[in-house]
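The values are calculated or read from the model by the stated rules, or taken from the named source; none is laboratory data. A quick note: this is a predicted structure, and the numbers were derived from the prediction, not measured. For neighbour counting, all protein chains shown are included, and Cβ atoms are generated from backbone atoms with ideal geometry for every residue, glycine included.
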Amino acid sequence: MRRKIVAGNWKMNGSKDLAEKLVGYVRSESESLDNGVEVVIIPPAIYVRDVVEQAADTLAVGVQNVGQWQSGAFTGEISAEMVKDQGCTFALVGHSERRQIFGESDDMVAAKVERLVSCGLTAVVCVGETLEEREAGRAEAVVAAQVKHGLASVAADQWSRIVVAYEPVWAIGTGKTATAEDAQTMHASIRKVLAGIGAPAESISLLYGGSVKADNAAALFAEPDIDGGLIGGASLKDKDFVSICRSMPAGT
Ligand code: PEP
């Protein structure tokens with residue numbers, strides 16, 4: 001059975017107060033979740049320790065980015081080892097905001113994935129096409145190239161630490177969601193690409209991200225190749241985020 005995951009990416013939002021109140025609420029509500037979903041909170045790195053304390057081993061915690069090096073003179077960066085040291089088990093890699101605003105290339109994504117999985121962390125590798133690429137009929141080719149390149153250095157015994165998040169760039173923070181059918185089509189295509197590069201495709205969790213809300217999560221999560229969600233805006237609203245976590249069907 002594949003891991004079912006709902007991860008909340010706070011982006012550059014939140015505060016110490018939110019870390020206490022929202023995470024406390026999500027933790028207490030998640031104790032009654034019976035659908036096997038792993039709930040992950042991904043705050044700005046500076047609040048990771050506060051969130052880890054609030055999460056109290058009930059929720060997983062991740063970071064939004066790591067440096068691609070082990071250690072050294074890289075001012076402003078944090079390493080996968082440091083992330084693990086602070087109690088995190090997940091990290092996002094290649095979020096479209098990092099690719100577009102900070103020039104994160106597929107080579108950098110691959111190097112970060114390598115650092116994360118060799119430290120035993122789960123890398124959530126984000127891929128997705130722009131609106132222009134979709135309209136040009138290139139969505140599947142663009143995503144396939146990102147998957148192949150980003151996962152090029154994963155060794156045979158490291159695949160259990162890989163999660164892929166499909167996030168069409170045109171759907172992130174825009175209120176536009178891919179239809180459940182379109183998302184399913186892309187997820188099935190990603191699974192084929194994974195099989196083609198020798199990954200155990202059927203056991204790798206594929207998350208959908210892009211304006212997932214309490215009222216559209218259930219339809220997305222009902223699709224056979226959608227194993228969870230990467231949630232931005234709605235993860236900052238405690239009740240909405242819990243409702244999304246509850247939308248995961250049990251026993252799939
Ligand atoms: C994200 O930040 O990964 C995301 C999907 O954002 P939103 O849910 O706000 O579209």
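Considering only residues that are assigned to a helix (DSSP H, G or I) and over 21 Å from residue 31 (Cβ atoms), look in the range 219-235 and name the one that is nearest to the ligand (Cβ to nearest atom).
Initial filter on the range 219-235 (assigned to a helix (DSSP H, G or I)): 219-221, 233-235.
With the extra rule that they be over 21 Å from residue 31 (Cβ atoms), the set shrinks to 219-220, 233.
Details: 219: 15, 220: 12, 233: 3 Å.
Result: 233.
Residue 206: buried (at least 22 other Cβ atoms within 10 Å of the Cβ) and assigned to a strand (DSSP E or B), yes or no? If you could, list the steps in order and put the result at the bottom.
Working: buried (at least 22 other Cβ atoms within 10 Å of the Cβ): yes; assigned to a strand (DSSP E or B): yes.
Judged against the criteria, residue 206 is a match.
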* Asked: Which one of the conditions (1) buried (at least 20 other Cβ atoms within 10 Å of the Cβ); (2) more than 28 Å from residue 83 (Cα to Cα); (3) of a type outside the set (A, V, I, L, M); (4) away from the ligand (no atom under 16 Å from the Cβ) does residue 115 fail to meet, given that it meets all the rest?
  -> (2)
* Asked: Checking residue 105 against (1) more than 16 Å from the ligand (Cβ to nearest atom); (2) in contact (Cβ under 8 Å) with a residue 24 or more places away in the chain; (3) within 14 Å of residue 66 (Cα to Cα), which single condition isn't satisfied?
  -> (2)
* Asked: Got a sec? Which of 231, 244, 197 is surrounded by fewer than 22 Cβ atoms within 10 Å (Cβ to Cβ) and either modelled with pLDDT under 95 or of a type in the set (A, V, I, L, M, F, W, C) (or both)?
  -> 197
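For the range 159-185: of the residues being among the charged types (D, E, K, R) and within 16 Å of the ligand (Cβ to nearest atom), which is nearest to residue 118 (Cα to Cα)? Reasoning before the result, please.
Start the filter on the range 159-185 by keeping residues that are among the charged types (D, E, K, R), which leaves 161, 167, 176, 181-182.
Subset that is within 16 Å of the ligand (Cβ to nearest atom): 167, 176, 182.
Working: 167: 25, 176: 36, 182: 33 Å.
Among those residues, the one meeting the criterion is 167.
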* Restricting the first residue to the range 166-178 and requiring it to be more than 17 Å from residue 101 (Cβ to Cβ) and without any contact (Cβ under 8 Å) to a residue 12 or more places away in the chain, which pairs with a second residue that is within 8 Å of the ligand (Cβ to nearest atom) and not hydroxyl-bearing (Ser, Thr, Tyr) meet a Cβ separation below 7 Å and a spacing of at least six or different chains? -> none
* Show the residue pairs that are 6+ apart or on different chains and have beta-carbon atoms under 7 Å apart, the first residue being within the range 132-158 and touching a residue at least 12 places away in the same chain (Cβ under 8 Å) and farther than 22 Å from residue 119 by Cβ, the second being in a helix (DSSP H, G or I) and among the β-branched types (Val, Ile, Thr). => 143/190; 144/193; 148/193
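Answer with yes or no whether residue 188 is over 30 Å from residue 17 (Cα atoms), assigned to a loop (DSSP other than H, G, I, E, B) and more than 16 Å from the ligand (Cβ to nearest atom).
Numbers: over 30 Å from residue 17 (Cα atoms): yes; assigned to a loop (DSSP other than H, G, I, E, B): no; more than 16 Å from the ligand (Cβ to nearest atom): yes.
No; evaluated as a whole, the condition is false for this residue.
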